[in-house]
1. Could you tell me which residue of the stretch B:59-77 is surrounded by the most Cβ atoms within 10 Å (Cβ to Cβ), considering only residues that are more than 9 Å from every other protein chain (Cβ to nearest Cβ) and closer than 8 Å to B:Gly209 by Cβ?
2. Just wondering, is there one or more residues in the stretch A:211-226 that are within 30 Å of B:Asn68 (Cβ to Cβ), in contact with a Lys or Arg (Cβ under 7 Å, 6 or more places away or on another chain) and either not assigned by TED's automatic domain parsing to the domain that holds A:Glu263 or not basic (Lys, Arg) (or both)?
3. Looking at the stretch A:203-220, which of its residues are open to solvent by 70 Å² or more (accessible area, probe 1.4 Å) and either of a type in the set (D, E, K, R) or at pLDDT below 95 (or both)?
4. Taking the stretch A:1-37 on its own, how many of its residues are surrounded by 13 or more Cβ atoms within 10 Å (Cβ to Cβ) and within 14 Å of chain B (Cβ to nearest Cβ)?
5. In this structure, does A:Ile264 turn out to be within 14 Å of chain B (Cβ to nearest Cβ) and either among the aliphatic types (A, V, I, L, M) or touching a helix residue (DSSP H, G or I) at 6+ places or on another chain (Cβ under 7 Å) (or both)?
6. Considering only residues of the stretch A:53-80 that are β-branched (Val, Ile, Thr) and open to solvent by 30 Å² or more (accessible area, probe 1.4 Å), which is nearest to the chain's Cα centre (by Cα)?
7. Scan the stretch B:46-58 and tell me whether some residue there is within 14 Å of another protein chain (Cβ to nearest Cβ), outside any helix (DSSP H, G or I), open to solvent by 30 Å² or more (accessible area, probe 1.4 Å) and of a type in the set (Phe, Trp, Tyr).
8. Which residues, taken from the stretch B:103-139, are part of a helix (DSSP H, G or I) and of a type outside the set (Asp, Glu)?
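The values are calculated or read from the model by the stated rules, or taken from the named source; none is laboratory data. Nothing here was measured: the structure is a model prediction, and the numbers come from that model. Heads up, the Cβs are rebuilt from the backbone with ideal geometry, glycines too, and the neighbour counts pull from every protein chain shown. For the accessible areas, the whole protein counts, side chains as well, though only heavy atoms, and no ligand, DNA or RNA atoms are used. Shrake-Rupley method; radii C 1.70, N 1.55, O 1.52, S 1.80 Å.
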Amino acid sequence: MKNKIFQEKNKIIENIKISESFYLMRFKTSHHKIQINPGQFINIRILNTFDPLLRRPFSIFDFKDGILSILYKIQGRGTKILSQLKSGDTIDYIFPLGNGFKDVFIKDNIWLVTGGVGIAGIFYLLKFIEDKNIKLFAGFNLLDNAIAIKELLKKEKIIAEEDIKISVIKKQNEFFVGDILKLLQENLKKEKPEIIVGCGPIEMLKSLYDIASHLKISTEFLMEKQMGCGIGACFGCALKVRENEQIKIKLVCKDGPVFKGNEIVWI
Amino acid sequence: MDLKVKIGNKIFKNPVFVASGTFGYGEEFSKLFNIEKLGAIITKGITLNPRDGFDGIRLAETPAGIINRIGLQNVGLKAFIKEKMKFLSLLDTGIIVNIAGETIEEYKIIVEELDKIKRIDAIEINVSCPNVEKGGIEFSEDEKILKNLLKTLRQLTRKALIIKLSPSAGNLIILSILAEKMGIDGITINNTFKGVVIDTESQQLKIRGGLSGPAIFPIALNNVMEVSKKIDIPVMGCGGIYNSDVALQFFLAGATAIQIGTFNFVQPDIGPQIIDGIENYLKKHNLKSIYQIIGRC
């Protein structure tokens with residue numbers, strides 16, 4: 001059913017450290033026929049205790065054969081505890097939440113730009129746009145993270161290897177050294193996509209929007225905010241947007257998490 | 001077994017309500033469980049005009065709790081009646097509308113309009129709002145103003161009127177006795193407790209707002225116990241409820257109904273779970289009515 005959301009508890013299939021900073025958790029859902037749109041998220045209760053109290057939202061990294069996966073890095077106490085869960089442990093989650101990407105599906109030349117663990121919000125989308133002209137620009141701080149993600153992309157064969165552009169800040173290998181936005185700008189000198197999709201730290205997204213809007217390229221971004229409920233009831237994850245020439249408050253969990261770059265009021 | 005409770009002239013099918021600000025306008029949670037099982041839904045606080053809410057950090061997690069500063073973001077009275085009541089009025093459960101204002105006149109207009117809507121069972125008055133006519137002090141901080149506000153609103157409606165009090169805004173016992181004298185039908189004890197989080201790196205205030213969640217439960221329970229001994233009108237216990245055992249403690253302390261708040265975010269169907277827990281408890285103790293445990297401690 002459209003808009004239906006579920007809460008369920010299931011056993012973790014695996015929860016593995018795939019690189020220096022990244023963990024990949026996979027678990028089965030009983031709702032294996034459900035439609036999940038890329039960009040939607042899952043809200044996980046970390047432990048059956050009160051500290052940490054709130055659920056934690058994660059982009060749905062992948063959904064295949066009734067198995068959900070999330071890619072995450074340790075960012076605080078919640079993700080630290082999550083990283084210690086083992087295969088066979090039970091997790092409690094609510095999904096699929098929010099609205100996914102829209103504009104990207106009506107374009108043919110698509111560039112995807114991610115920063116760090118922001119790749120988690122884009123991976124599943126790649127499966128839906130395989131037949132289009134896509135380029136992925138993924139930036140990482142650490143070489144080890146870059147290698148792990150490249151391996152995952154190669155394994156899934158959802159994007160041609162020559163269309164994957166990776167940058168790392170600290171160590172060199174086959175990858176570009178420096179900011180992913182520099183690599184993007186070098187490529188923009190040669191050609192221009194119809195749309196740029198972004199997911200990553202807010203400062204990166206803001207710069208990305210500046211670059212894209214200067215070249216009149218439309219954008220779609222997956223935004224993050226501290227959430228209370230994840231379903232639009234607590235009004236905790238407010239985002240200022242422009243709508244019909246008016247400034248309005250929207251909720252990242254319910255109205256997003258995907259927003260057009262030109263509707264966001266960048267601070 | 002009888003779980004029905006009466007507040008003012010209204011009978012609710014059970015005493016498990018969901019607190020204002022933690023349940024939106026009901027629709028969001030209806031996708032997750034049958035919200036008609038609840039005794040009542042208390043809506044997000046409604047103001048006369050739409051409000052964008054606070055423009056900054058709105059939420060922070062604290063040990064076993066959260067601090068919020070949402071700033072009363074809401075659609076405003078007109079849109080609430082036109083849009084949100086459409087969904088709410090079809091529900092087979094109690095509908096309590098929480099209201100807030102910056103002036104007595106604003107409260108007055110809201111109550112006059114809500115009074116015309118038959119489907120609304122009760123109005124809960126948030127008095128922890130800054131009074132712009134009196135330099136921004138909260139309505140509950142000035143007994144004279146509060147008395148005037150309650151007297152004015154009481155004359156406007158026969159619907160059950162509930163006042164929601166914050167433990168940070170004055171003496172709960174004195175304010176509750178005053179509300180009872182003014183003809184108010186029920187008191188919600190407690191609104192959130194004032195709290196602060198400081199970011200040690202930047203040495204700046206991260207958030208200053210209302211603390212809620214399991215962390216406040218024992219203090220909330222004590223307040224309910226103290227207030228309910230001093231007044232005869234129903235008290236609604238609110239603050240940190242997370243399972244049926246703590247909910248039962250509120251009834252034993254003197255609450256006629258309970259309001260689940262923050263835990264709705266953690267476990268959306270906590271309301272029905274608590275209703276089942278109360279039923280099992282009454283069965284186990286061979287009791288026929290919830291009233292047999294209210295104030296027993």
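1. B:Ile67
2. Narrowing the stretch A:211-226 to residues within 30 Å of B:Asn68 (Cβ to Cβ): A:220-226.
Keeping just the survivors that are in contact with a Lys or Arg (Cβ under 7 Å, 6 or more places away or on another chain) gives A:220.
In the following step, the residues that additionally are either not assigned by TED's automatic domain parsing to the domain that holds A:Glu263 or not basic (Lys, Arg) (or both) were identified as A:220.
Yes: the stretch A:211-226 contains one or more residues that are within 30 Å of B:Asn68 (Cβ to Cβ), in contact with a Lys or Arg (Cβ under 7 Å, 6 or more places away or on another chain) and either not assigned by TED's automatic domain parsing to the domain that holds A:Glu263 or not basic (Lys, Arg) (or both).
3. Quick first cut of the stretch A:203-220, residues open to solvent by 70 Å² or more (accessible area, probe 1.4 Å) only: A:203, A:210, A:214, A:216.
Answer for the stretch A:203-220, where residues must be open to solvent by 70 Å² or more (accessible area, probe 1.4 Å) and either of a type in the set (D, E, K, R) or at pLDDT below 95 (or both): A:Glu203, A:Asp210, A:Lys216.
4. The total comes to 6.
5. When the stated conditions are applied, A:Ile264 does not pass them.
6. Of all residues in the stretch A:53-80, those β-branched (Val, Ile, Thr) come to A:60, A:67, A:70, A:74, A:79.
Subset that is open to solvent by 30 Å² or more (accessible area, probe 1.4 Å): A:67, A:74.
Numbers: A:Ile67: 17, A:Ile74: 15 Å.
Within the stretch A:53-80, the match that is nearest to the chain's Cα centre (by Cα) is A:Ile74.
7. yes
8. Narrowing the stretch B:103-139 to residues part of a helix (DSSP H, G or I): B:104-115, B:132-134, B:139.
Answer for the stretch B:103-139, where residues must be part of a helix (DSSP H, G or I) and of a type outside the set (Asp, Glu): B:Ile104, B:Tyr107, B:Lys108, B:Ile109, B:Ile110, B:Val111, B:Leu114, B:Val132, B:Lys134, B:Phe139.
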